[in-house]
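The structure appears right after this line, and notes come after that.
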Amino acid sequence: MLRPRYTAVAILRVDGTFVLQHRDDKPTIPAPGHWSLFGGEIDPGENAHQAIRREIHEELGLRRDDWELLWRVHHYNPERGYDVHVNVFTADVSAEWPAHVLTEGHGLGLFT
């Protein structure tokens with residue numbers, strides 16, 4: 001079994017909708033070509049709050065410090081052969097949304 005993965009993902013809220021990322025279609029990443037939450041792996045030396053701030057800035061150009069941790073979940077990914085520890089955060093990004101810049105993925109969508 002491979003080493004566990006630690007991730008931070010965000011439920012981003014914009015004016016009553018939720019933002020999802022349409023992931024790149026690369027076979028080397030989890031869930032290629034699917035819709036998912038923004039976020040990613042926690043780097044060595046980072047905590048989950050630092051990781052979500054970094055990931056959202058890298059993927060959307062948004063800077064926030066007030067992330068609310070909703071829950072932590074753990075599951076085994078049999079397809080890839082490792083445990084995944086997921087930290088799920090949320091924030092209302094309505095005010096800064098007009099300035100976002102997508103830098104990862106095929107696209108994004110706002111969903112009700």
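The values are calculated or read from the model by the stated rules, or taken from the named source; none is laboratory data. Note that this is a predicted model, so its numbers are computed, not measured. All Cβ positions, glycine included, derive from the backbone under ideal geometry; neighbour counts span all protein chains shown. What goes into the accessible areas is simple: the full protein's heavy atoms, side chains included, and nothing from ligands, DNA or RNA. Shrake-Rupley method; radii C 1.70, N 1.55, O 1.52, S 1.80 Å.
See the values below:
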item: Count of region 76-112 residues which are among the aromatic types (F, W, Y) and either within 14 Å of the chain's Cα centre (by Cα) or surrounded by fewer than 11 Cβ atoms within 10 Å (Cβ to Cβ) (or both); result: 2
item: Verdict on V73 being open to solvent by less than 40 Å² (accessible area, probe 1.4 Å), part of a strand (DSSP E or B) and over 13 Å from V19 (Cβ atoms); result: no
item: Residue list for region 37-56, restricted to those being within 18 Å of W71 (Cβ to Cβ) and part of a loop (DSSP other than H, G, I, E, B); result: L37, I42, N47
item: Condition met for T28 (hydroxyl-bearing (S, T, Y), assigned to a loop (DSSP other than H, G, I, E, B) and either out of contact with any Phe, Trp or Tyr (no Cβ under 8 Å at 6 or more places or on another chain) or open to solvent by 70 Å² or more (accessible area, probe 1.4 Å) (or both)); result: yes
item: Residue under evaluation Q50, criteria (1) open to solvent by less than 60 Å² (accessible area, probe 1.4 Å); (2) free of Cβ contacts under 8 Å to residues at least 12 places away in the same chain, criterion not met; result: (1)
item: Only one of V88, V14, V9 that is touching a residue at least 60 places away in the same chain (Cβ under 8 Å) and touching a helix residue (DSSP H, G or I) at 6+ places or on another chain (Cβ under 7 Å); result: V14
item: L20 vs. criteria open to solvent by less than 70 Å² (accessible area, probe 1.4 Å), part of a strand (DSSP E or B), touching a Phe, Trp or Tyr at 6+ places or on another chain (Cβ under 8 Å) and free of Cβ contacts under 8 Å to residues at least 60 places away in the same chain; result: no
item: Candidate set: region 53-69, residues that are open to solvent by less than 70 Å² (accessible area, probe 1.4 Å) and of a type in the set (D, E); chosen: the one nearest to E96 (Cα to Cα); result: E59
